[in-house]
Structures are given as C-alpha cells and as structure tokens.
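The values are calculated or read from the model by the stated rules, or taken from the named source; none is laboratory data. Predicted model only: the values in this text are computed from it and were never measured. Counting neighbours? That spans all protein chains shown, and the Cβs are built from the backbone with ideal geometry, glycine included.
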Amino acid sequence: MPTKYIFVTGGVVSSLGKGIAIASIGALLEARGLKISVQKLDPYLNVDAGTMNPFQHGEVYVSDDGAETDLDLGHYERYTHARITALSNVTTGKIYHSIIEKERRGDFLGKTVQVIPHVTDEIKTRIKAAAKEREVDVAMIEIGGTIGDIESLPFLEAIRQFGKDMGRDNVLYVHLTLVPYIAAAGEVKTKPTQHSVSELLSIGIQPDILLCRTERHFAKDIAAKISLFCNVEERAIIQAVDVASVYEVPTAFHAQGLDDIIIEKLGLKAKKANMKEWESIVGKLKNPKATVNIGIVGKYIEIQDAYKSIKEAIIHGGIANECKVKIHWVNSEEVEACKDKKKILGHLDGILVPGGFGVRGIEGKIHAIQYAREKKIPFFGICLGMQAAVIEFARNVLKLKNANSTEFDQYTPNPVISMLAEQKMVKNMGGTMRLGAYPCKVKKGTKAYEAYNEGVIFERHRHRFEFNGLYKERFETKGMTLSGISPNEILAEIVEIKRHPWFLAVQFHPEFKSKPTAAHPLFRDFVKASLKNHKVKK
Ligand code: GLN
C-alpha cells in the first residue's frame, strides 16, 4: 500500500492547538495499528528554531539527532511513536538556504529560479523524504501559521500540487478552524470558518475534514450549515470542544468517529481501535488520589510555553503517581529580591530549576536551590538548573569564593562550570551547541540508577557549558556524587546529593523523552519524592 498523506492547515486565528490536534490524530491512527510520521512546515525565515527567543516562540524542542525544532514537534513525540529527526521540521529559511546553495553551484543550468516550481518542488521533496525515512502508512504534515498569511502561500501551493501529483485517494486535507460563541448574541458563529475555507478554496484546496475548535458543543444544525457552505460532509465536521486536559483529545476525537472517517477516506486497512492506554490516562487525570505542589523557578515564566516539555513531563510524573500536580511558576528574580525565602518557596513540595541562557535571574535560581538543599525539599535541576546546583554547592558547601560559570563571570577564580573545549572555536550561534542524544553511564547505588534501572542511558543535550572536571574530587568528598558520566568519563551528566531525600540534577533534557503513557523515570521519581514530602508536611 502506498504511503498516504494528511495535510493539516489552520484557519481564523493562531493558537488553536493545531499541534495537539495533529498529535491526537496520530495517536488515534496508531491505536488502529498504523505506522505514522509527523512533520511540520514552518513559514518563517529562520533556518531552525534554535536561534529564536523563548519569549517569542516558546521552547526549542531537540530531537535525538540534534535538530532544534518547533515545540509542536514535542507534542508529536509525546502522543505518538513517530520519530522526530532533522527532516521533521522544514522552514522557509531551510528551503531557501538549499535553493540558493544549488543556484550558486550552477545546478539550475541557467534557468530562472522561481517560487513555482523550484521552491514548491523543494518543499514536496522534503515531504516525501520525511515519509520515506521510516516507510510509514500515513505521513502527517502540519502547515504552520494561519490561512491568509502571505508567507505560507508557497507551502499551500506545494501541498495543493502534492494532492494532484499523488492522486486525491492518497491525500487528505484537514482544516482546523474556530467556531466562536458570541455571548451577547447567545450564538455560535460559522462565518469565520466559511471565510477561512473559501480562502483555502481560492488556493485550490478543498478540505475533507474540518476540526472545529469550540468552547461548547454546538447543535446539529450548525454542523449542517458549516457542511453546506464549506462543501464538507456533515459527519466530517468534528467538534474539538475545550477539554480540561490536552490528553483527553484523542478519546474525544475517537468518540466522534474521526479515525473511521480518515481510514475510510484514505482507503486504509486498519485494526479495531485500542484506546485502553488513553482511557487509562484520562481516568487517572480525572481521579487523582492526592495533590502535590511543584515550583518551577525560572526567568521565562510569563511565557509558559518556554517550559512546555518540562510542564508536560511533570504532569506525566503526576499520572504515574496517580496524583494531581499543581505547578507554581516562580520568578527567579523575585526569589533573589525576597529576603524571606520561605515566603516565596515555603509552600512547595518540590522545586525544579529548568534550563536557560544568560545571567539574568541566575542568582535567584541559586538561592532557590540552596533553600531546597538545606530544607531537604526534593529538587530537580535541568541543564542550567544543574549548573546552578553545582555553583550553589561550590559556594556554600565547598566554600569556594565567587564560584561561578564562565557564562556569567569570565574571570571567576573558581570556574566550576566552564565552556566545552570544542565550543571555544565556535563563532556562529545557530546549530553549534552540544546537541542531540549522547550516551551516559549511570552509577549503581545512586538515585539516578534507582530511577533508570539501567547502566547506560541516552539523553538529549543542548548547551555550551559543562561541569569542570578539575573540581570532581572536592565535590564527591563533600557529598555531591557524579552519578552519571559520559562513556569517556570526562563529562558529568548527572549529579546528586546523597544525604538528601531527593536532590538530583542533569546536564541533559530528560523532559524531551517523557510521555503521558510512560513518564520519564526521573520526573516520575521527582514527583514521587515531592508527594512523600507533601505527606510529611501535612
Ligand atoms: N546556558 C547554559 C549552557 O549553554 C545552559 C543551557 C540550557 O539550559 N539549555 O550550557
């Protein structure tokens, strides 16, 4: 059977949750026994998301092979078994970069290089390459942005052509739209959807399925109206009603028969749906046995998307421990300014310090870590969070004056965190950090080993700085163990404090490998320890 393609576009407004919708469709297709891939086409000009500020664009999601991608790709890996690789996130920047390189080499043999066909061909080639990488039954492709954006036009033209090239039996167009409820009129409105679909039609794309985001369920006559005006079968008007948890979306779509419609329209052969796992997750989310309070101490807290995967991984830890996790966003600069740390941190059962760049807010993170260490509150440090934990320990336990990372103080007398040797030559910012999955040896008899129960693990990295091995012995003598190290025994990947209920910090990003169906072992154990602390406090 040839690979089938599903293209998903978004209409009316942004932030309707296209990534979650696609991830959920992917989960449904997998529940029917199909093998899928997911790819995102982003119309912006950056070559990748790696150089983008989290304030503007949220977290940068990193794949095993070291691609720095849009955060939607995190949803795809969380909900499905699709593998994200360098081929999974295409941007206009990437497309033009390669076309201009080809033009300079003379590959176009004197032709005028144009959007149609050169840019559209380049896009189509990349769509096929991503699907071919794993020989999937269904390749799903998200088009970033909203219909009507100037910059997404070449992508829409490419996917229109794709339908013609492959035959309409092999391609499905899904459009995510908004059906708003207007309180003053007491009505839901279909006009924005009609406009968005007519815009798509003017490009030559007839959607097959509409996913209608709506605050509340709408009546059959509304679906009939949308069907009539948009030329979409009434059963293919799916209501994507707001839900308490994003993990309810797969079961909500399944309840409306979305998987059957897709399978029928694409002529796929599939098994009966096995929704057990998703039903069990929803059950656990809805019936927690306890509540635990976890604080995330960071500097991008106004933009929670900056910590998307961490937030989700904590929720997964909650699912694994059958408890509700209440996340408290703590501004690290406020921790620094506040004299009475108890006031700002005292209500927390567990403290997590996430990754980050730059000096702003770093001292607050260090103070929060000192509080967690001294008051025996479970602590989990990630990337910069580990570096801050090392600095804190150096200053307050080893009494190394002005210990710091050379990222924040180039002339510190005690550079306990310093730049990786290979980083010293690097001039370009884009794609030059230590990126992607690396092996790490885990020491037996440690909390890390207890969590992983494995001697060698693979975790994803994204950083330039590193624990300075010259200080190793001093740290270990005073009780901070290097429980995870690189195979050549040079790089410290996990540190922990023995005499503490749960104090562990990692140089990598475990959050990228956590799933609702399988919480990452470190997040699972961190939430477990926090829950224990919660019960003790009560
Ligand atoms: N700024 C630190 C480094 O580059 C930490 C990076 C991170 O937290 N991702 O090493």
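Observations on the structure shown:
- Residue tally, condition touching a strand residue (DSSP E or B) at 6+ places or on another chain (Cβ under 8 Å) and either polar (S, T, N, Q) or assigned to a helix (DSSP H, G or I) (or both), over region 363-387: 11
Here is a yes/no grid of residues against (1) under 30 Å from ILE327 (Cα atoms); (2) of a type in the set (A, V, I, L, M, F, W, C); (3) over 24 Å from the mean Cα position of the chain (by Cα):
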residue: TYR247; (1), (2), (3): yes, no, no
residue: ALA252; (1), (2), (3): yes, yes, no
residue: GLN256; (1), (2), (3): no, no, yes
residue: ILE263; (1), (2), (3): no, yes, yes
residue: GLY267; (1), (2), (3): no, no, yes
residue: LYS271; (1), (2), (3): no, no, yes
residue: VAL282; (1), (2), (3): yes, yes, no
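- Scanning region 315-329 turns up no residue that is among the polar types (S, T, N, Q) and surrounded by fewer than 19 Cβ atoms within 10 Å (Cβ to Cβ).
- The set of residues in region 176-213 that are assigned to a loop (DSSP other than H, G, I, E, B) and over 24 Å from LYS164 (Cβ atoms) comprises VAL179, PRO180, ALA183, ALA184, ALA185, GLY186, LYS189, THR190.
- For region 144-178, filtering for residues that are β-branched (Val, Ile, Thr) and at pLDDT below 95 leaves 3.
- Residue tally, condition without any contact (Cβ under 8 Å) to a residue 24 or more places away in the chain and part of a helix (DSSP H, G or I), over region 82-120: 9
- Taken together, the residues in region 388-409 that are part of a helix (DSSP H, G or I), more than 11 Å from the ligand (Cβ to nearest atom) and not polar (S, T, N, Q) amount to 7.
- Residue that is under 28 Å from the mean Cα position of the chain (by Cα), within 15 Å of the ligand (Cβ to nearest atom) and modelled with pLDDT under 95, where the choices are GLY358, GLY385: GLY358
- Residues (within 33 Å of the chain's Cα centre (by Cα), more than 10 Å from the ligand (Cβ to nearest atom) and not in a strand (DSSP E or B)) located in region 458-471: ASN468, GLY469
- For region 368-380, taking the residues that are in contact with a Lys or Arg (Cβ under 9 Å, 6 or more places away or on another chain) and more than 16 Å from LYS532 (Cα to Cα), the one that is nearest to the ligand (Cβ to nearest atom) is identified as ALA368.
- Test: ILE226 is closer than 20 Å to GLU199 by Cβ and out of contact with any Gly (no Cβ under 8 Å at 6 or more places or on another chain): yes
- Of the residues making up region 410-419, those that are surrounded by fewer than 16 Cβ atoms within 10 Å (Cβ to Cβ) and either within 15 Å of the ligand (Cβ to nearest atom) or under 28 Å from the mean Cα position of the chain (by Cα) (or both) number 1.
- Some residue of region 62-72 being over 30 Å from PHE508 (Cβ atoms), buried (at least 18 other Cβ atoms within 10 Å of the Cβ) and not basic (Lys, Arg): no
- Search result, residues across region 342-355 that are farther than 18 Å from VAL397 by Cβ and within 16 Å of the ligand (Cβ to nearest atom): LEU352, PRO354, GLY355
- The residues on offer are VAL232, VAL246, and the sole one that is closer than 26 Å to TYR5 by Cα, free of Cβ contacts under 8 Å to residues at least 40 places away in the same chain and buried (at least 17 other Cβ atoms within 10 Å of the Cβ) is VAL232.
- Within region 214-236, the residues that satisfy the criterion of being outside any strand (DSSP E or B) and among the polar types (S, T, N, Q) are SER227, ASN231.
- Single condition ILE327 does not satisfy, out of (1) within 16 Å of the ligand (Cβ to nearest atom); (2) in contact (Cβ under 8 Å) with a residue 24 or more places away in the chain; (3) in contact with a strand residue (DSSP E or B) (Cβ under 7 Å, 6 or more places away or on another chain): (1)
- Any chance LEU348 is surrounded by 24 or more Cβ atoms within 10 Å (Cβ to Cβ), out of contact with any strand residue (DSSP E or B) (no Cβ under 6 Å at 6 or more places or on another chain), at pLDDT 95 or above and among the hydrophobic types (A, V, I, L, M, F, W, C): no
- Matching residues, region 237-270, being within 25 Å of ILE182 (Cβ to Cβ) and in a helix (DSSP H, G or I): VAL249, ALA252
- Residue in region 479-499 that is touching a Pro at 6+ places or on another chain (Cβ under 7 Å), within 16 Å of the ligand (Cβ to nearest atom) and assigned to a loop (DSSP other than H, G, I, E, B) present: no
- Residue within region 94-113 that is in contact with a strand residue (DSSP E or B) (Cβ under 7 Å, 6 or more places away or on another chain) and among the acidic types (Asp, Glu) present: no
- Whichever residue in region 48-81 is in a helix (DSSP H, G or I) and of a type in the set (Asp, Glu) and, among such residues, is nearest to SER15 (Cα to Cα): ASP72
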